[in-house]
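Readers should treat all values here as calculations from the given coordinates under stated rules, not as data from a laboratory. All values derive from a computational prediction rather than experimental measurement. Every residue, glycine as well, gets a Cβ built from its backbone with ideal geometry; the counts of neighbours run over all protein chains shown.
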Amino acid sequence: MAAVTLSNVAKRFGNFEVVHGADIDIADGEFVVFVGPSGCGKSTLLRMIAGLEDISGGEIAIGGKVVNDVEAADRGIAMVFQSYALYPHMTVEQNLSFGLRMNGNPKADTERRVKRAAEILCIDELMQRRPKQLSGGQRQRVAIGRAIVREPQVFLFDEPLSNLDAELRVQMRVEISRLHKELGVTMIYVTHDQTEAMTLADRIVVLKGGNVEQIGAPLDLYDDPANRFVAGFIGSPKMNFIAAKVVETSNSAAIVELVNHGGARLRKPLGAAFPAIGADVVLGVRPEHFFEAGEGDCDIPVKADVAEHLGSVSYVYADAGPEELIIEREAARQRASSDHFTVSIKAERSLLFDKTGARIR
Amino acid sequence: MRYRNATAYRFLTPYLLIFAIFWIWPIISSFLISFQATRTVPWRFAPTFNWGRLIGDPAFFNALKNTLLILVIQVPVMISLAIVMAVLLNSPLLKARGLYRFAFFAPVVVGEVAYSAVFRLMFSLDFGIINKLLNSVGLPKIDWFSNVTPAMALIMIAVTWRWAGYNAIIILAGLQSIPEDVYEAATLDRVSKVRQFFHITLPLLKPVIVFCAVLSIIGTMQLFTEPFLITERGGPGGGTETLGLLLYRQGFRSLNFGYASAIAYTMAGLAIAITLVQLWLTREPK
């Protein structure tokens, strides 16, 4: 087991910098998920940790040892690839043992490791099959098994579930979580799916355009995002953003007017930072943080456009002037489409962002 | 025939007619001719005349020996060379890859007569650059056209030069279809590049290599141009005469079409048999 430390890590392809000085500390045994949209640099960062990409700047340390110039095979890591990267011409057993056999590992030890991995992943009965004779989920297990037999200090997962169907993805998510508990090793997992990030991670690293936007526990990121990007990226359905203008400030609060909602005003208590009067701001409200009319600090009328009934909960996609709001409502199953109703926003259940997307606290 | 397909078949009719007249009919006709004595006028039906002669004909066995010798030596050398060329072409370190790809493929598009003439000049005893190069490194001149072994080597060199690049391009396509992350997984497994080549690249290229080998076997069984043009009709003294050349000699110089047809069917049968054996030996395990 080992801690992983990234200090000011940068990656350039020619003159184009794709990762701009990332600083991330991953504790021994921690499950950290790198999440972000396509092209944010999350896979590049993972490949740099693996040693499959050169590091253009900064340092990567695994178990306290700087590994910038250490060969991939000597870093004590194992990686599970998005496409599984199984050797198509080998049986499952040969896939699992290939690396050990090539390195002259004693036969008895190789057999022990392969058997243990097969037991952990319940693939004992698939050992003589070839990858093309396996389902997607089974291939994924074999890919994980190949990582397990290496007995690495750090597991790296590069979008391992993205080729699976929704049901299998949920199942494998649980299995990976269970595997982490069982093995207790450091795991770094890359995904663009924030649900995977929220459900698997001890901590999440949110990336955008090669920058680390925020690092934190899943619920910390959900409840207390550092900026509008993180607020919008974490959470499904995503947070609503309502255009507003600061009309008044006092010692402890700013009064904002929701510009597309007939001048509705909300008094938002703030800490030290106060925006200027007249400044354009954005109010962030999660779908579940809309209340019945009169229950909050500011009411806004909306017109239900489409409702999605998920059983335990319903999401109403509502027109509110030029903005579309997603509202979670238990009562929505009774509400007909094209229905007009009023929702209420509570100041303490909303977030304020400035024009650049930075959080105003 | 469904009505909606009728138009398609009407458009295909000219091709199908030409195909039937110049392809199907000669195949059937030559099979029938192989059972006829064609040195007499009129031709007469004599089932064992040509096939019986084939079994005891030293010229046939000489041509068969030469063809199989080329097959056994030249095809494996060429395929091995093609694999090496494909791996080099696929290297990320290689600059001007497009240029090399063109250069390797170019021999195929050069006219057969032109390239044969150039090879004759290059390997000429007194004026050829090859003998000059041999002399320059202290080796004696070789009379490539008067002795059987050098002549056979020359045929193999020429065929290899012409077709190795072509096979390399096919193998390169196979190489590029192997996913990069399989190699990355092997790198993480601490498998050296050489072992990756033997344990990953070669097994995954097997279907493409088999395809190239089958094409080459068929091509070699029909080998004609090089021994005809470079070593002057299979010289010296029939030392490079192949089955293709023997067929030509019997059919178009001696006008013995019956015997030529029997040789043609023997060539086809051998090509099919060798290919089937090879496919069986390299079959995928169940």
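Run the dipole for the range B:1-152 about the Cα centre, Lys and Arg Cβ at +1, Asp and Glu Cβ at -1, nothing else charged, and hand back the magnitude in debye, nearest 20. If you can, show how the numbers build up before the last one.
Details: 13 positive and 4 negative charges, 117 e Å.
With Lys and Arg at +1 and Asp and Glu at -1, about 560 debye.
Which whole-number percent gives the relative contact order of the range A:64-174, counting Cα pairs below 8 Å spaced six or more residues apart? Working shown, then result.
On the way: 124 pairs, mean separation 47.0, N = 111.
Averaging sequence separation for qualifying contacts and normalising by length gives 42 percent for the range A:64-174.
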With a 10 Å cut-off between alpha carbons and a GNM built on chain A, which of A:130, A:203, A:150 moves the most? A:130
Using θ = phi - 60° and the Karplus form 6.51 cos²θ - 1.76 cosθ + 1.60, what ³J(HN,Hα) does each residue of the range A:39-46 get, whole Hz, x for Gly and Pro? x, 7, x, 5, 5, 4, 4, 5
Could you pull out every residue, at least 5 positions away or on a different chain, whose amide H is within less than 5 Å of the one on residue A:214? Hs are placed 1.01 Å off N in the peptide plane, and Pro or chain starts have none. A:206
Return an integer: the convex hull volume of the alpha-carbon atoms of the range B:60-109, in Å³ per residue. 62
If you place +1 on the Cβ of every Lys and Arg, -1 on the Cβ of every Asp and Glu, and leave all else neutral, what size is the dipole of chain A about its Cα centre, to the nearest 20 Debye? 820
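Using +1 on the beta carbon of Lys and Arg, -1 on that of Asp and Glu, and nothing else charged, what's the dipole of the range B:58-281 about the Cα centre, debye to 20?
Numbers: 15 positive and 10 negative charges, 35 e Å.
Roughly 160 debye, rounded to the nearest 20.
Contact order normalised by length for chain A, with contacts defined as Cα pairs under 8 Å and 6 or more residues apart; what percent is it? It would help to have the intermediate numbers written out before the result.
Values: 773 pairs, mean separation 55.0, N = 361.
RCO, chain A: 15 percent.
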Mean Cβ-within-10 Å packing, highest first, puts peptides B:146-157, B:117-128 in the order B:146-157, B:117-128
What residue among B:55, B:170, B:24 has the largest mean-square fluctuation in a Gaussian network model of chain B, using Cα springs under 10 Å? B:24
Using Cα springs under 10 Å in a Gaussian network model of chain A, which residue among A:63, A:216, A:99 shows the largest mean-square fluctuation? A:99
Among B:244, B:222, A:276, whose Cα sits farthest toward the positive end of the charge dipole of the protein assembly as shown (+1 at Cβ of Lys/Arg, -1 at Cβ of Asp/Glu, about the Cα centre)? B:244
As straight-line cross-link partners of residue A:65, the qualifying lysines (C-alpha separation under 23 Å, not fewer than 8 residues apart within one chain) are A:11, A:42
Just going by the charge dipole of chain A, with Lys and Arg at +1 and Asp and Glu at -1 on Cβ, which of A:21, A:240, A:315 is farthest out on the positive end? A:21
For residue B:233, residues with placed amide H under 5 Å, excluding near neighbours: B:228
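Just counting partner chain Cβ atoms within 10 Å, what average do the residues of peptide A:81-89 show around their Cβ? Walk me through the numbers on the way to the answer.
Numbers: counts 7, 1, 5, 4, 9, 4, 8, 6, 8.
Counting Cβ atoms of other protein chains within 10 Å of each residue's Cβ and averaging gives 6.
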Work out Dmax and Rg for the protein assembly as shown from the C-alpha atoms and quote the Rg first, both in angstrom. 37.0, 122
Taking Cα atoms only, helix A:107-121 is inclined relative to the longest principal axis of chain A by an angle, in degrees rounded to 10, of 30
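Restricting to Cα pairs below 8 Å that are 6+ residues apart, what does the relative contact order work out to for the range B:58-281? Please round to a whole percent.
Values: 237 pairs, mean separation 65.1, N = 224.
Result for the range B:58-281 is 29 percent.
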Here the whole-number average of other chain Cβ atoms within 10 Å per Cβ of B:187-196 is 6
Among the aspartates and glutamates, select those whose C-alpha is under 19 Å from the C-alpha of residue A:107, and discard any that sit fewer than 8 residues away in the same chain. A:93, A:119, A:124, A:151, B:189
Lysine pairs, Cα distance under 24 Å, 8 or more residues apart or cross-chain: how many in chain B? 4
